[in-house]
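Only the coordinates and a few stated rules stand behind these numbers; no lab work does. Every value quoted in this text rests on a predicted model; they were computed, and no experiment measured them. All Cβ positions, glycine included, derive from the backbone under ideal geometry; neighbour counts span all protein chains shown.
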């Protein structure tokens with residue numbers, strides 16, 4: 001569960017999020033929409049410690065988003081951005097990078113598991129031999145989603161992740177994120193994504209309201 005409790009976030013003297021409160025229950029699919037610069041991305045960044053909370057409390061599964069908790073909280077979260085971080089030499093290195101960290105030692109997926117996850121997202125396993133720099137935007141997004149699946153993440157923070165996907169790839173992402181029991185808090189301008197989410201919020205002038 002994710003909860004924002006009277007949260008205000010200000011940067012450089014400007015209030016981006018003003019006294020926002022809402023809850024995302026386990027398994028819910030929630031989307032926030034609004035104009036560029038309205039504070040949408042700030043909500044997601046605050047959940048992973050990327051934006052300092054000026055006032056209020058954010059909790060993930062009961063834990064406050066505080067410096068002493070942030071590593072534990074990140075174990076549950078997958079942050080998928082519009083421009084995913086894919087920077088290693090090959091796609092295989094990017095996919096398997098987290099498994100080289102102490103936190104995931106001994107959790108390396110089998111070749112069969114990797115192939116199954118990639119196929120589900122319509123990625124040919126041969127992509128792992130490609131240079132990461134040659135991947136398309138849509139391939140990068142799906143590779144990062146595959147990595148989160150392999151890490152067994154249960155909460156997805158998705159920032160405009162359908163922007164670079166064709167219709168077939170988008171359906172594959174929908175079937176994984178929006179038709180399973182994963183919790184999804186997302187930002188999107190995509191009408192199809194918005195229509196398929198269970199709850200829709202709009203942020204304007206720092207204030208958040210739910211569309212009924």
- Task: For the chain, find the longest principal axis of its Cα atoms and tell me its angle to the long axis of helix 137-150, 0 to 90°, nearest 10.
- Result: 90 degrees
- Task: Round to the nearest 10 and give me the degree value, 0 to 90, for the angle of helix 111-120's Cα axis relative to the longest principal axis of the chain.
- Result: 60 degrees
- At R0 = 22 Å, FRET efficiency that the Cβ-Cβ distance of residue 12 and residue 55 yields, to 0.05: 0.85
- Per DSSP H run of at least 4 residues, take -39500 (n - 2.57); add these up for the chain, divide by its residues and hand me the 222 nm value, nearest 500 deg cm²/dmol. -8000 deg cm²/dmol
- Report the antiparallel proportion of the DSSP beta bridges in the chain as a percent, rounded to a multiple of 5. 55 percent
- Could you check which residue among 148, 103, 158 shows the biggest mean-square fluctuation in a GNM of the chain with a 10 Å Cα cutoff? 103
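Please state the relative contact order of the chain as a whole percent: Cα pairs under 8 Å, 6+ residues apart?
Relative contact order, the chain: 31 percent.
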- C-alpha long axis of helix 167-177 to longest principal axis of the chain, angle in °: 70 degrees
